[in-house]
Each structure stands twice: as structure tokens, then as C-alpha cells.
Amino acid sequence: MKEVEREGKKEKEKEKERWFKIEKFYYDNNIVKAFLYATIFWAFTGFLVGIILSLMLFSPNLPEIFFGHNLKYENGIMGFGRLRMIHTTTVIFAFIGNIIFTGSYYSLQRLLKSRMYSDLLSWIHFWGWQIFILLSWITFLLGINTSKEYAEHEWPLDIMICIIWIIYGINMIGTIMKRRIKHIYVSIWFFIGTWVSVSILHIFNNLELPISFFSLKSYSIYAGVQDALVQWWYGHNAVAFILTTPILGLMYYFVPKASGKPIFSYKLSILHFWSLIFIYIWAGPHHLIYTALPAWAQMLGTIFSIMLIAPSWGGMLNGLLTLKGTWNKINKNHILKYFVLSLTFYGIATFEGPMLATKKLNAIAHFTDWIIAHVHIGTLGWNGFMAFGVIYWLVEKLWNTKIYSKLYANIHFFLGTLGILVYVIPMYWSAIRQSKMWKQFNEDGSLTNKNFVKSVISIIPYYKIRFIGGLLYMLGMIFMIYNIYKTIKKGDFIKNEACKSITDSKKEFEVETFHNWLEKKPITFFLLSLIVVSIGGIVEIIPNMIIKSNTPTLTSVRPYTPLELEGRDLYIREGCNGCHSQMVRPFRDEVVRYREYSKAGEFVYDHPFLWGSKRSGPDLAREGGKNPSSWHFKHMYDPRSTSPGSIMPRYPWLIYRKLDKSKTLLKMKVMKKLGVPYLEKDIENAYNYLDRQAGLIEKEIYKESPEIKQQINFQKKVSGKKFFPLKEREIIAIISYLQRLGKDIQGID
């Protein structure tokens, strides 16, 4: 009897060997560890810069604490606009970008039962991405940027990003192609959708023409309304396909892993993915409601933004319902806490976003601190808490140990949650106060708060509370860093994690659905994703490019003079459009305050557009002729001398730096290639025109304020041969640009 049983077992083993193939291989955890460390480092750095910026909003003299009287020689490296670019780039591309790569490199290998396609490509990707972040810091501090929100990098860095992103894609596609699992799991769908979408968005938004192969300066090939549409098609979808879809990919992997339960609904996952990537791409124009953008494009942005609630909440519910039956574990499980709150913030942000896209609410919230609150609910809450949960989970797995202190993890959770609430709630109150003060009228029809600075002074207490919220969030992260450090110290890192794969060689006879079939065809999946994502962009953007009636021309609008063009570039260098808009909306209060509302035709020579997204200071679209040139001189040197209570930082280096005119001709030639109607004689006589206009502005300043002339003469005595006259300085160029704004539309010479 026993012999019969033994023979039976042998037959079963032979049968198993006939149908199944067992392979042993190793996961690459080294690359995951590298991206994990980079995530933590850049998160801390990005939040630190954010805290400095929030402090500068009520302490604009902060740069002088560091530089003192030498501020005029530091060339703007502590300028608010430059630091703002560093903050957004570090948080989006460095913190969130690195956590995406951390989670995707870990999950891809396990979901596909394969080591990454190429260890070499993995490390090229890692070091390339970190170098790109470092170069972003350097260029932004030096004032080298394009002004485009979330895409301020100049053309060499744009090319670098593109190459690194392609390397990541090759590595991902290669791993998918050599997979040992037939079906690709939902997380991978979101990684594919992210890669395809970001590729399209990055390439088309950053089409720019360098003034020279040896210069870092370039101009967007789009102008005015077209540039605005393309930029916010990119800007909103940077939120969609960098801050949302890949994080959802992480959610679909790590939430089931942490909870020990499969995802709630496979069918809901399918609906979530395809509807999200199709609808999201249409929503960009909701950032341009009530602007000079054609009404039909604004309408499409609103409609599709409202539609976004359905797939977004479908994904949120799919994640939360996965935790069904594990709610009793959340109090004890430090990781699940982060995932639950992250998904909750995702639900709040994806409900609030579509509501802000409605005209009624947009009229109140746009250009106010409401948008800041909305963005930070998504970044700190949805992205941040998901990232922290993933970090805690991965540290335990990679170092084969338990967290050093659940207490510290819970303190981090409490401080992070409290920090977000203390941060965003004052911003909502601040926004309502801002909007009310801007729109308030007296009985005689005059503005109650004609002086814009009054609205700024009234919200400073809210900025101080917001700063405390940022500190609390940062303090929580310090607890996390210490906790992670101690966990790693007591653990044992698994560099190459062994894994066995059992391949079933039996033929499948079951009937498949279309999506089951599609999940086995990764190239088809990529192409279908490309088609679905491209539809919205094609429908919205191409008509604005080819139908002239979308951007009617105005005969009074003329190109910038050489000096004004240089001044505009200085305005971009300092990131002034981060605090000042240049878009008067067709509202009674804005027309009374700023004069005629903005028309599409007045921006046809603006490469790039500078409409802005926030009003920490007043709109500048009609600034020309509003104040004397000497006022602008004093305002740049010390804003509080002309506008008591202003939170604008000082820009003394503009007064002491000589204007670099060496590239003026190159700039004009490139502008001509882009369609700006400069004549050959305009280019040939550019320096004569520039010097003549600069001289007129200098005389005007001296006439208006003789004390400025006395100061410049004193500098001449002290500086000797190093002295150069006021008309050759940067301040004159930027004044020429500011004095030009809005004059064409108003018919002023």
C-alpha cells in the first residue's frame, strides 16, 4: 500500500514538472534604496524652502538678515520668485518624482516577477534625475528660467529631462516585455499612462527656440493665448500625471499589501483608469476662466473638470473599500493611517478642484490664497501621506525588520495632519477676505479698498498661522527621518532579494474579456493609452493654433522695443509673474481698479505669456503710465518706501547691475523667426534705439527726483573708472517694460 502511495506521489511530481517551470532570480533592491534616500532628502529640502518662502510673506526683509548691506551685490539669489521656482520643482520633481520611481521600481519587479530590464539604465536614470534637480537649483538661483509654471527649466534641462524620462520608459517597457506574469496589474496601467502622458505634455509644452546654441536663453514658440492654453494644458496635467496617476499606481499596490486584502474591485479599477486619463487631459483651461482664452475652450475646461469627480472618487472609494474589514487594525497599524488619510485628502482635493472650475466659485477664488490651500491639500495630504506610508512600508521590507518606534510614526502622523489643517484653513479665510476686499464698493460706486496693499496687510496674520502649520508638518518629518534612521541601523539590508517564479505551461481555454486580452499586450496598451490621452489635447489646442478668429489682432499692438524686450527678460528672470498677474478679467471691480479688461489680441507678441496665477501684488497688465519712472526706481529699491505695508522684497541689485546687451540682437532675430514683425532696420539700429530710450528714462527719473541724481553722482565719485551711468543699468530696462504694459490697448504713446 505504501509503495503504491509512493509511486502515486512520484507520478504527481513528474506531472507537475511537466506543466510547471520553476525559476530562481533576484530583485534589485539597491536602486529602490537609492531612490528612497533621494526621496527623503529632497522632501526635507523642498519643505525647508517652502518654510523660508512662507516666512518671507510676512518678513520680506529676510534676505537682508543674511546679506545685510551686501544685498545689492548678491544678484538676487534670495529673490522670492527664484526660491518659489526651486520650491515647486523640488517638491514636484524631486520629492514626488523620486517616490514615484522608488515605488515603481519596487512594485514593477514584484508584479512582473522579473528584475528590472537593465541595472545600468536604472542607475543612469537615478543619477541623471538627481543631477537634473541639482542643475535646476543652480539655474533658478542664477535667474535662468522660462517663467512657465512647473516648467521653468531652460531648453538644455528640458532636453535632459526628456532623455532621462525615455531611459525610464525603456527600462519599464523592457521589464514588462520580459515579465513572467501574463497579465499586467492595475498599478502598471497607471505607470504606463503616466509615462505616455508626461512624454507628450513635456515635449509639446517645452517647444522653444534658443537664441543661440551657446546660450541658455530661449523663447516659447507659442505666443499669448496659445502659449497660455498649452502651458495650462501642461500645468494642470503635471498635477494629473505626476502628482496623481503614478501615486494612484502606488496606491493600488501598497494599500492592498499593507492591508493584506486584494483591491476592492477590478472592474472599478478599469473604469477608474481609462476614464481618468481620458477626462483629465481636457481640464487645463479651467485655470484660464474669465481670461482672454476663447469662451468655448473655457467651457470645455469647466465641463470636463466637473466630470473628473466621477473617476477620481471611484479611485478613492476603490482604495478605501479595500480596507473594508481592517478598520479595527488602523489604530495599531502606523502605515494604514497614512494611506487612509492620504485617500481622504485625495477625495477632498478632487472634489474641490472641479468646484473651483465652475465660473461662480472661480470668480471668487482665482488669484487668491484659496488656490494655494487647494494645491497644498493635494501635495501635503494626498501625495505626502501616501509617500510617507510607502516609505515606512518599504523600510521594514528592505531592511527585514520592524519600525524602530511606532510612537514616533504616530507623532509624525499627528503633527503632519495638524500641520496641514493649520496651514490650509487660514488660507481659505485669507482667500475669502482677499476676494471680498478686492470686490467691495462704496455706495457712490467707488472701490472701498482702492489701495491694493490694504488687502495684503489684512491677511498677514493668516500668513503667520500658515507658517506655523508648515513648521508642524516639517517637525513631523524630522520625527520620520530619525525613526527611519534608527530602523535602518537595526535592520539588515537585502541587496538582492531572491525569488522563485513558477511558470504554468498549460494552455488557457477560458474565454477572456477584451481587457483581460489587452493586459497581455503591453505595446497595444501603450498605443491605446497614447490615443486616449491625445484626444483632448488635439481638440482643444489645434483649433486655437489654426483658426485666426480665436486670437483676433489689434492694430494698435506693436512689438517690444529692444530695451523693453530686455526689461521683460529681467522680469522673467526674477520670477515676478509668480506674484503679479497680467490679466484684467471682465469684472466690474477689476475694470475700475485696473482699467480696460484684457483682450486676446494684445498678447500676440508675448513669448512666453505672463498672465500669472496669483496676486500677492496688484495686477500689472495696465501698469504703463500709472506711476512715474522714479516711483518704480524707488519701489524696486525699497517697496515699503512707496507702498507702506507691502510684502514685496527689495530688488537693489537691479539698480547696481549693468544691463547685459550682448544678446539683444540675437533675441530680436529669434523673435522675428517666431513671427514678431521686426524690420531689418529695427534690428540693425537696435542699440541706438535702446540707448536713446534708456537716456530718456534716465532724464525723466532725474527730473522727477533730483535726489536720485545726487546719489548716482556720489557713486560716480566713489567708484571711479568702475562707474557706469544709470541709463546702462538693469533698473532702466525693467522700468521701460513696466511703463509699456497696457499702453497699446489704451492708445497711449
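The values are calculated or read from the model by the stated rules, or taken from the named source; none is laboratory data. Here the structure is a predicted model, which means the values were calculated and not measured. FYI the Cβ positions are ideal-geometry reconstructions off the backbone, even for glycines, and counts take in every protein chain you see. Areas reflect the complete protein model, heavy atoms only, side chains present, ligands, DNA and RNA absent. Shrake-Rupley method; radii C 1.70, N 1.55, O 1.52, S 1.80 Å.
Details
- 1 or more residues open to solvent by less than 70 Å² (accessible area, probe 1.4 Å) and touching a Pro at 6+ places or on another chain (Cβ under 6 Å): qualifying helices (runs of 4 or more DSSP H) within region 632-749: 664-673, 686-704
- For the residues I173, I211, I181, the requirement of being modelled with pLDDT under 95 and either polar (S, T, N, Q) or farther than 19 Å from I535 by Cβ (or both) singles out I181.
- Pick from region 325-361, criterion part of a helix (DSSP H, G or I) and among the basic types (K, R), ranking: most open to solvent (accessible area, probe 1.4 Å): K360
- Selection status of G193, farther than 30 Å from R568 by Cα, small (G, A, S) and within 21 Å of the chain's Cα centre (by Cα): yes
- When R595 is tested against the conditions (1) touching a Phe, Trp or Tyr at 6+ places or on another chain (Cβ under 9 Å); (2) surrounded by fewer than 18 Cβ atoms within 10 Å (Cβ to Cβ); (3) at positive phi, the lone failure is (1).
- Only a single item in (1) touching a helix residue (DSSP H, G or I) at 6+ places or on another chain (Cβ under 8 Å); (2) farther than 22 Å from D744 by Cα; (3) of a type in the set (V, I, T) is not met by V670, and it is number (1).
- Residue, farthest from the chain's Cα centre (by Cα), within region 444-489, restricted to residues that are at pLDDT 95 or above, of a type in the set (D, E, K, R) and open to solvent by 50 Å² or more (accessible area, probe 1.4 Å): K489
- With respect to the stated conditions, T291 fails to be among the polar types (S, T, N, Q) and under 29 Å from W165 (Cα atoms).
- Candidates E698, E680: the one that is at pLDDT below 95, farther than 30 Å from F58 by Cβ and of a type in the set (D, E) is E680.
- Helices (runs of 4 or more DSSP H) lying entirely in region 262-324 (those with 1 or more residues that are of a type in the set (K, R)): 266-280
- Positions within region 567-601 being acidic (D, E), assigned to a helix (DSSP H, G or I) and touching a helix residue (DSSP H, G or I) at 6+ places or on another chain (Cβ under 6 Å), in sequence order: D589
- Residue match in region 131-139 (condition: surrounded by fewer than 22 Cβ atoms within 10 Å (Cβ to Cβ), in contact with an Asp or Glu (Cβ under 7 Å, 6 or more places away or on another chain) and touching a residue at least 24 places away in the same chain (Cβ under 8 Å)): yes
- Residue match in region 367-382 (condition: open to solvent by less than 10 Å² (accessible area, probe 1.4 Å), at pLDDT 95 or above, of a type outside the set (K, R) and assigned to a loop (DSSP other than H, G, I, E, B)): yes
- Pairs where the first residue, in region 416-429, is closer than 13 Å to G381 by Cα and the second is of a type in the set (K, R) and part of a helix (DSSP H, G or I), C-beta under 7 Å, 6+ apart: Y423/R466
- Among the residues listed as G249, G260, G224, the single one being on the phi > 0 side of the Ramachandran plot and within 21 Å of the chain's Cα centre (by Cα): G224
- Number of the exception - E728 against (1) under 30 Å from H69 (Cβ atoms); (2) at pLDDT 95 or above; (3) touching a helix residue (DSSP H, G or I) at 6+ places or on another chain (Cβ under 6 Å): (3)
- In region 17-66, the residue that is most open to solvent (accessible area, probe 1.4 Å) out of those that are in contact with a strand residue (DSSP E or B) (Cβ under 7 Å, 6 or more places away or on another chain) and not in a strand (DSSP E or B) is W19.
- Candidates R558, R622 - the one that is within 29 Å of I735 (Cβ to Cβ) and open to solvent by less than 10 Å² (accessible area, probe 1.4 Å): R622
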